[in-house]
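I have placed the structure first, in the form of structure tokens, so that the comments after it can refer back to it.
The values are calculated or read from the model by the stated rules, or taken from the named source; none is laboratory data. Keep in mind that this is a model prediction, so the values were computed, not measured. Here the Cβ positions follow ideal geometry from the backbone for every residue, glycine too, while neighbour counts run over all protein chains shown. Heads up: the accessible areas ignore ligands, DNA and RNA and are worked out on the full protein's heavy atoms, side chains in. Shrake-Rupley method; radii C 1.70, N 1.55, O 1.52, S 1.80 Å.
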Amino acid sequence: MALTVTLLNSAYLYGRCSRHNVLHPLIGPLLSNSTSKLYSSYRRPGAQPEKKPSLQNTDFSFKKGIDVLKTQLSMLKKETEDHIVGPGGHSLSRYLLEQTRVVWEFRCQEDLNKWVISSDVEIGGKSEVYLKLGRNNQAALLYGNLNTEVPRDGETKYSGYCSMRAKPLVGSFARKKYYDWSNFNSLYLRVRGDGRPWMVNIYTDPYFSHQKDDLYNYFMFTRGGPYWEEIKIPFSKFFLSSRGRVQDDQHPIWLDKISTLGFTIGDKIDGPFQLEIDFIGLLNDRAHTEEFAYETYEKNPKV
């Protein structure tokens, strides 16, 4: 009992999370039939609701729960040590002098497992998307076939998209973590496309927002051909959108509350597509001084 109270108190003080979030990784592994979804649980109109297993038909595994408890405690220990050392586990001097950082690179299957792919198949579409390692295991190859045929469900009006999205960071005891990119001002990528445009998406979780996640976009135009291209995208160029429409109340990205990043193709052209990504990194470009590329207005002006 004392161990449980100490565990809950330390996790709450460190992560400021609720008791439900603390107990979730401990109770979850005890249920062998339980499943979890990373993103949306969309259900097509007319489809039967998902049947959830009852508690009576669930097998409990206390051994597995103890193993998960040990894993979560070791994660909490490492996070505490990194927090004491400095931002991201690095010293403050190194953090302040850092000019570049590679966030994602693709050299093995483990790197691909940090991403998930999706398409309009989730809403009844017919597009196809695949993700695998490129030649010599030196890049991620995202390819497939785009199909803009609208499903005949009486609800969907548009179709034809495929996407690739990084899995969100998860800390100890299922706490939600964020990327802190406030020390940089540009996104830096090395890609090789087929000439089709892609939308780069950055999801944030700001302190004050009427939406669950703010979505920022930037259109990346690949030139095609056999040569790699290095693309620098200042964060000031990303614009805030909602459901494909540009928001009226534009504001810069909350760079210290980055949730995840993704790529989407939906140019309304049927046919095959292909995008190779060598790495995705960050750059602090001293020559770029623009704070925000779009018009803003003061919501509560002083009279």
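A few comments on the model shown:
- Taking first residues from region 53-72 that are over 23 Å from residue 170 (Cα atoms) and partners that are at pLDDT 80 or above and in a helix (DSSP H, G or I), no Cβ contact under 9 Å between residues at least 6 apart in sequence or on separate chains turns up.
- Taken as a whole, the condition of being surrounded by fewer than 17 Cβ atoms within 10 Å (Cβ to Cβ), within 18 Å of the chain's Cα centre (by Cα) and either within 28 Å of residue 105 (Cα to Cα) or at pLDDT 90 or above (or both) applies to residue 169.
- Selection from region 159-197 of residues that are touching a His at 6+ places or on another chain (Cβ under 8 Å) and in a loop (DSSP other than H, G, I, E, B): 185
- Residue match in region 52-74 (condition: open to solvent by 70 Å² or more (accessible area, probe 1.4 Å), modelled with pLDDT under 75, out of contact with any strand residue (DSSP E or B) (no Cβ under 7 Å at 6 or more places or on another chain) and among the basic types (Lys, Arg)): yes
- Of all residues in region 268-293 being touching an Asp or Glu at 6+ places or on another chain (Cβ under 9 Å) and surrounded by fewer than 14 Cβ atoms within 10 Å (Cβ to Cβ), the one that is farthest from residue 101 (Cα to Cα): 270
- Region 159-185, subset touching an Asp or Glu at 6+ places or on another chain (Cβ under 9 Å) and among the aromatic types (Phe, Trp, Tyr), residue nearest to residue 286 (Cα to Cα): 184
- Region 230-246 residues that are at pLDDT below 70 and open to solvent by 30 Å² or more (accessible area, probe 1.4 Å), paired with ones that are among the small types (Gly, Ala, Ser) and part of a loop (DSSP other than H, G, I, E, B) (beta carbon under 9 Å, 6 or more apart): 244/266
- Count of residues meeting criterion [in a strand (DSSP E or B), more than 20 Å from residue 178 (Cβ to Cβ) and of a type in the set (A, V, I, L, M, F, W, C)] in region 216-262: 6
- Selection count where residues are assigned to a helix (DSSP H, G or I), surrounded by 14 or more Cβ atoms within 10 Å (Cβ to Cβ) and not hydroxyl-bearing (Ser, Thr, Tyr), scope region 90-121: 4
- Test result for residue 152, open to solvent by less than 80 Å² (accessible area, probe 1.4 Å) and over 24 Å from residue 194 (Cα atoms): no
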